[in-house]
Every structure is written in structure tokens, then in C-alpha cells.
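Visitor: One structure coming up, written as C-alpha cells, with questions to follow.
Only the coordinates and a few stated rules stand behind these numbers; no lab work does. On a predicted model such as this, the values are computed, not experimentally measured, just so you know. Positions of Cβ are generated from backbone atoms using ideal geometry, with glycine treated the same way; all protein chains shown enter the neighbour counts.
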Amino acid sequence: MIKSVSSGRPCASPVGGKPALSLPAASKRRSSFLKCVILALAVLGMSLFAVHIACGAILILEDKPSYDLSGYLDILSDPSQRLTVEQVEDRKDWMQTPPGRIPNLGFTQAAIWIRFSLAARSDAPEKVYVSFEYPVTQVVSLFTKDRQGVFSEEHTGSGMASSANVLPDRHFVFPVMIAPGETKTVYLRVQSASRMILPVRVLTDSALVGKAVRDYAIYGALLGLLALVTLYFVSVGSFLYKGTPIWLAAYGIFFGLHTAIRGGFIRMLLPDALLPINNPLQLIVIAGLFFTGAKFFRLFLSLKSRSVVLDRIMLFFQYLSLTFIILPGLPEPIIIGVSLALIVLNPLFSISLAFYFWHKGVSNAGLFAIGWIVAHCVAVYDFFRIHGFIPYQPLGEWPIPFSLFAALLFLSMALIRRNTLDHQMAETDPLTRLANRRKFDEALTEEWNRCQRLGSPLSIVMADVDHFKEYNDAHGHKAGDLCLCRVADILKSHTRRTGELAARYGGEEFILLFPHLDAASAFELSEAIRHAIGKPAMDPASRSGRKITISLGIATAVPAEGAKPEELVIKADQALYEAKRAGRNRSAAAAPA
């Protein structure tokens with residue numbers, strides 16, 4: 001019988017006569033077994049991870065119209081720009097991208113390799129399209145391996161002609177065939193001198209057609225609106241001999257070209273021989289965009305008349321923008337400094353000015369500020385996104401077209417309201433806010449012709465404030481201005497019907513136009529006006545309650561063929577002279593024609 005070493009007591013034998021294990025021994029064996037299981041799982045996990053890193057996750061193509069490849073991409077940087085696809089295939093230093101995030105590497109001179117794998121579940125060969133959706137990338141090459149292990153290449157880019165199999169699209173679209181049961185690994189080589197953003201999608205035929213219809217409809221409507229707005233403001237600027245509408249039209253043209261280049265449409269329109277100019281053209285357009293924008297900003301807000309210092313700062317930004325044309329040839333620190341000044345400091349400064357003048361109550365500065373801030377906040381956002389500080393979003397290309405629409409809408413509204421106000425001011429007396437003589441002459445001709453066609457009478461009442469010079473000398477010019485404004489308010493209150501008009505004819509002289517009003521009614525109305533003005537009113541200067549009186553002359557005629565409206569004005573003036581000669585503060589009517 002075996003005895004326990006620890007207790008010295010006999011240990012019961014199990015069935016079969018074999019000794020039983022002690023509790024500590026059983027615990028050790030279970031612990032060893034768990035360690036073996038954990039080690040095996042760790043080895044298996046490391047193996048799977050190594051395979052995952054080496055090969056990347058495989059995208060299984062099912063029944064979806066499109067697939068986002070973020071999370072399925074492996075990336076390899078090639079600073080030498082000389083690696084071949086056979087060389088990168090065997091490299092072990094691929095880096096996997098996180099799911100749900102489009103890679104944004106910012107500025108880099110290296111060539112970037114992208115790798116991903118596709119597999120189809122269907123029993124028939126499946127054709128899909130690999131779409132690289134950043135249209136300003138200079139070189140995009142796609143490599144796939146056939147069954148003999150030989151790589152084939154298709155290439156395209158913003159500044160180079162495309163291979164025969166690359167689809168004509170604003171994005172870079174490559175057709176890829178996948179055989180039943182095949183897992184196809186695709187390699188993309190991307191190179192750009194500006195920024196490295198890697199939005200890659202896989203599309204089916206239906207998704208490709210739907211994307212094209214959506215994109216061309218949105219961009220077509222936007223660029224069509226831009227063409228109409230440009231034509232309108234060029235016409236307005238030419239007609240009014242004003243530079244502000246012309247500069248807004250130029251700003252809109254450069255903004256539209258910038259949008260079209262960023263959207264990939266200019267590349268589609270250029271013949272293969274001219275494709276190399278696409279990238280330099282982008283820099284010229286950006287320079288023109290900032291130059292014309294700064295000029296329009298200075299003119300619209302009349303910046304020079306408000307602050308010479310602020311105007312010179314905007315003038316500095318305006319001409320600094322021309323350095324964009326030669327920017328690639330400058331040292332990198334200067335490139336960063338110029339870009340920071342123009343794309344960050346310039347918008348922030350101009351936005352602050354726009355809101356400052358809005359706060360000060362400058363006419364239409366509110367609409368202007370809204371349009372300006374939308375366009376330039378997108379420029380600031382684009383700067384930080386280009387440099388890799390902000391991730392590229394799936395809808396990252398749409399802020400620029402949206403900002404073009406918003407800027408056109410609000411800046412156009414601001415300028416149209418400004419032109420309307422200018423036109424009104426050109427026809428309005430600045431003191432009394434009545435129509436001026438120019439507006440009256442236009443209205444008289446129009447109503448004369450209308451009454452001539454209808455055989456209807458037309459009456460004119462000419463009025464003059466009695467002894468206004470003495471009143472002005474006694475109480476001062478401010479009291480005299482208030483006197484004229486009070487008379488103007490009363491005259492305006494008696495010209496409410498369509499076609500009727502009260503105007504300041506000059507100095508303390510006023511004139512009223514009454515279409516379809518006969519001589520008796522015109523005399524009655526002029527008397528009502530005279531009594532309303534003659535009521536005692538407290539004089540603002542002397543507080544004496546001095547009365548203001550007025551003399552009026554009335555002339556009425558049914559416009560006849562060959563007669564001129566100026567003749568009626570002369571008769572009203574003669575009647576006014578008769579009222580003054582008869583003692584003032586009365587109405588006198590010329591004999592009806």
C-alpha cells in the first residue's frame with residue numbers, strides 16, 4: 001500500500017488497483033494543458049495576422065452595386081520611384097489601412113503602391129470597374145496578373161494620355177475581369193506632385209452608369225448656372241460702365257474652371273496632345289481665382305475709400321496670388337509659406353473684414369459676407385485636407401462645387417441689390433427721398449404717351465415754398481432742410497395712385513404728375529395739398545410754431561398728336577408765377593388745352 005508523503009496516512013486505491021493522483025499534481029497537469037492551448041492559439045493568431053499583413057483582406061464581391069475599399073487596401077511607399085510591380089509583390093513592408101477611412105498622405109514625392117484582392121462568388125466571369133476617384137492625380141497605373149503569372153499594365157493620369165482599356169470618365173476607371181473561383185490581386189501605382197489622396201472604389205455596370213448620370217447632371221446644372229450669371233454680369237458691367245460686375249464675372253469664370261479641373265472635366269475635354277498643360281493650368285486658374293476675388297472684394301466694399309491700410313493689405317494678397325503660377329519651382333518652405341498666406345491667412349482676413357463691414361451696416365455687406373465665408377472656408381478646409389491634417393471624407397470632392405453655388409448665389413444677390421440701389425439713388429433726391437428731375441422727365445414722357453393713346457387728360461402741379469430764402473436765413477440750413485422734408489412728405493402722401501409722382505424739381509421747387517386727372521380735380525387736389533402744408537407746425541429750430549405756406553400752379557391737357565410734354569410743364573410754371581404774383585399761398589390754374 002502506498003502512503004502519502006505529506007500525511008503519512010494510507011491512501012485508498014482506486015478501482016483497478018492503480019494509485020490515485022494527488023490534487024496538486026492534477027492541478028499542474030490542467031495548467032500545462034491550458035498553457036499549450038493558449039500557445040497554440042497565439043501561434044495560430046500570429047500566423048493568420050502574418051498572412052493578413054502579407055496578403056490583405058479579400059473583398060468578396062456579392063450583389064452590391066459598389067464597394068468601398070477602405071480597410072482592404074495595403075500601401076507601400078516607394079521614395080525612389082523606381083520599383084517595379086514584380087519587386088513590390090515580394091516586399092514584406094506593406095502597411096494596412098484602417099477600415100472606414102480614405103488614406104490621405106498629404107504632400108509626398110514618393111510613388112505610392114496600393115494592393116487589394118477581389119474574389120467573386122458567381123459561377124460566371126464577373127466584370128467590375130476599379131475607380132480611383134481623385135481626378136487631379138498625375139499618374140495612376142493598374143497592374144493585374146494573368147494565369148501565366150505575367151503582369152499587364154493600364155495607365156492614365158491628369159496630365160497624360162490613357163491606355164486603350166481605361167474608360168473615358170472624369171475619374172480614373174479601369175475594367176477588371178475576375179474568373180469563377182479566382183482571387184485576383186490588383187496593384188495600383190499612384191504618383192502626384194501635389195497631394196496624395198487614395199479614394200478607391202469597385203463599381204458594377206449599374207453603379208458606373210448611375211454615378212455618371214448623377215455627376216454630369218449636378219456639374220452640368222452648376223456650370224450652366226455659372227454661364228448665365230457670367231453673361232448677365234458682363235452685360236450689366238458693359239451697359240453701366242462699372243467694373244464690379246465684370247470682376248465678379250471673372251471671379252466666377254475662374255471659380256468654375258477650378259471646379260471643372262478638380263472634378264476631372266477639363267482633362268476629358270483636352271486632346272491627348274494638350275493633356276500635359278492640365279496641371280500647369282490648374283495653378284494658373286488658382287492664381288486667377290484669388291486675384292479676381294481680391295479685386296472684386298476691394299471694389300464691392302469700396303475698401304480704398306473706407307481704409308487705405310486695409311485696401312493695401314488686400315492689394316498685397318491680390319498680387320501675391322500670382323506667385324501660384326511659378327509655385328512648383330520655388331523651395332518647399334516658400335511653397336508652404338505662400339500657400340499658408342493665400343489659402344489660410346487671406347480668407348481669414350477677408351472674412352473678418354466682410355463681417356466687420358456687415359456689423360457697421362454697410363449696404364449689402366451681409367449677403368456679401370455669407371457668400372464670401374462659404375467659398376473661403378472651403379478653401380481653408382481644402383488647405384488642411386491637402387496637407388493631410390484632416391482626413392479625406394467619402395464626399396470630399398463636393399464642398400468645392402457646393403461653395404461655387406453658394407458663392408454665386410449670395411454674391412450675385414449682393415451685387416444685384418447694390419446695382420438696384422445705385423439705380424434708385426440715381427433717380428432719387430438724397431434729401432427729401434422724392435424722385436429727382438431726371439426720374440420725373442422719364443415718367444412724364446411715359447405717362448404723356450399713355451394718355452395720348454387713351455385720349456385721357458394729364459395734369460401737372462408745380463409748387464414752390466413761399467419765402468424759403470428768408471426762412472432759411474432766419475432759422476438755419478438744418479431747419480430749412482427739415483422744412484423741405486415736411487413738404488415732401490405731404491406731397492408724397494397725395495400721390496398714391498398708379499402713375500402719380502411727386503418730385504423735387506430744384507431748390508425749394510416741387511412738381512407733381514397726375515395722369516387721368518382733369519383740370520377741376522387737379523385744382524381741388526392742389527388746394528388740399530396747400531391747406532395740409534399751411535397747417536401750423538412747430539418749427540424745429542425756433543419752436544415758434546411758424547407756418548409754412550406754398551404756392552401752386554396747375555396745367556392740364558389731353559395730349560395731342562405733335563404736342564410735346566414740355567409745353568405742359570411751361571404752362572404749369574407760368575401758372576405758378578401767377579399764383580406768386582397774386583400774393584402767394586394760393587393755387588392758380590392755366591387755361592386747359
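Visitor: Loop-only check: which GluC sites (Glu not before Pro) in region 115-182 are DSSP coil with at most 15 other Cβ within 10 angstrom?
Guide: Numbers: sites: GLU126, GLU133, GLU153, GLU154, GLU182; in loops: GLU133, GLU182.
For GluC sites (Glu not before Pro) across region 115-182 that sit outside H, G, I, E and B with at most 15 neighbouring Cβ atoms in 10 Å, the list reads GLU182.
Visitor: Taking R0 as 60 Å, what FRET efficiency do you get between PHE384 and ASP473 from their Cβ-Cβ distance, rounded to the nearest 0.05? Don't jump to the answer; show the numbers that get you there.
Guide: Working: r = 67 Å, r/R0 = 1.12.
Here the calculated transfer efficiency is 0.35.
Visitor: Sticking with this structure for a sec: Using 18 Å as the Cα-Cα cut-off, could you pick out the over-long pairs in LYS439/LYS580; LYS145/LYS211; LYS492/LYS580; LYS145/LYS184? Show your work: numbers first, answer last.
Guide: Details: LYS439/LYS580 26 Å; LYS145/LYS211 28 Å; LYS492/LYS580 23 Å; LYS145/LYS184 8 Å.
Violating the 18 Å Cα-Cα cut-off are LYS439/LYS580; LYS145/LYS211; LYS492/LYS580.
Visitor: Straight-line reach from LYS469: which aspartates and glutamates fall under 13 Å, measuring Cα to Cα and dropping same-chain residues less than 8 apart?
Guide: Leaving aside aspartates and glutamates fewer than 8 places away in the same chain, those within reach of LYS469 are ASP481, GLU508, GLU509.
Visitor: Whole-Å semi-axes of the chain's equivalent ellipsoid, largest first, each the root of 5 times a Cα gyration tensor eigenvalue? Kindly include the intermediate steps, with their values, before the conclusion.
Guide: Details: eigenvalues 1423, 195, 110 Å².
Working from the Cα gyration tensor, I get semi-axes of 84, 31, 24 Å.
Visitor: What does region 437-589 give for Rg and for Dmax, in Å, if only its C-alpha atoms count?
Guide: Values for region 437-589 (Cα only, Rg and Dmax): 15.7, 53 Å.
Visitor: Inverting the mean 1/r over all pairs of different Cα atoms, compute the Kirkwood radius of region 58-203 and quote it in Å. Mind dumping the intermediate values first?
Guide: Details: mean 1/r = 0.0644 Å⁻¹.
After inverting the mean inverse Cα-Cα distance, the result is 15.5 Å.
Visitor: Test of understanding: what is the full-extension gain from PHE151 to CYS377, defined as 0.36 nm times their sequence separation minus their Cα-Cα distance? Present the calculation step by step, with values, prior to reporting the outcome.
Guide: Details: separation 226, 0.36 × 226 = 81.36 nm, distance 4.48 nm.
Full-extension gain reported as 76.9 nm.
Visitor: What number, rounded to the nearest 500 deg cm²/dmol, is the helix-based mean residue ellipticity at 222 nm of the chain, given -39500 (n - 2.57) per DSSP H run of at least four residues and division by all its residues?
Guide: Numbers: 17 runs with 288 residues, N = 593.
Per the formula, -16500 deg cm²/dmol.
Visitor: Could you calculate the FRET efficiency of GLU509 with VAL344 from 1/(1 + (r/R0)^6), where r is the beta carbon distance between them and R0 is 60 Å, rounded to 0.05?
Guide: Details: r = 58 Å, r/R0 = 0.97.
Once rounded, the FRET efficiency stands at 0.55.
Visitor: Let's test the formula: R0 of 41 Å, r as the Cβ-Cβ distance of VAL558 and SER352. What FRET efficiency results, to the nearest 0.05?
Guide: Values: r = 62 Å, r/R0 = 1.51.
Approximately 0.10, to the nearest 0.05.
Visitor: Oh, and also: Evaluate the relative contact order of the chain (contact order divided by residue number), counting alpha-carbon pairs under 8 angstrom at least 6 apart; express in whole percent.
Guide: On the way: 959 pairs, mean separation 55.5, N = 593.
Once divided by the residue count of the chain, the mean separation gives 9 percent.
Visitor: Show me the trypsin sites (Lys or Arg not before Pro) within region 290-386 that DSSP assigns to loop and that have at most 14 other Cβ atoms within 10 Å of their Cβ. All intermediate terms of the calculation are to be shown ahead of the outcome.
Guide: Working: sites: LYS295, ARG298, LYS304, ARG306, ARG312, LYS360, ARG385; in loops: LYS360.
Taking region 290-386 and a limit of 14 other Cβ atoms within 10 Å, the loop trypsin sites (Lys or Arg not before Pro) found are LYS360.
Visitor: Let me check I've understood the local charge: for ALA557, count other residues with C-beta under 10 angstrom from its C-beta, Lys and Arg +1, Asp and Glu -1. What total comes out? Don't jump to the answer; show the numbers that get you there.
Guide: Values: positive: LYS571; negative: GLU567.
Taking every Cβ under 10 Å from that of ALA557, the sum is 0.
Visitor: Another question, then. Counting other Cβ atoms within 10 Å of each Cβ, which chymotrypsin sites (Phe, Trp or Tyr not before Pro) in region 200-233 have at most 12 and sit in a DSSP loop?
Guide: Details: sites: TYR216, TYR219, TYR232, PHE233; in loops: none.
Nothing satisfies the criteria.
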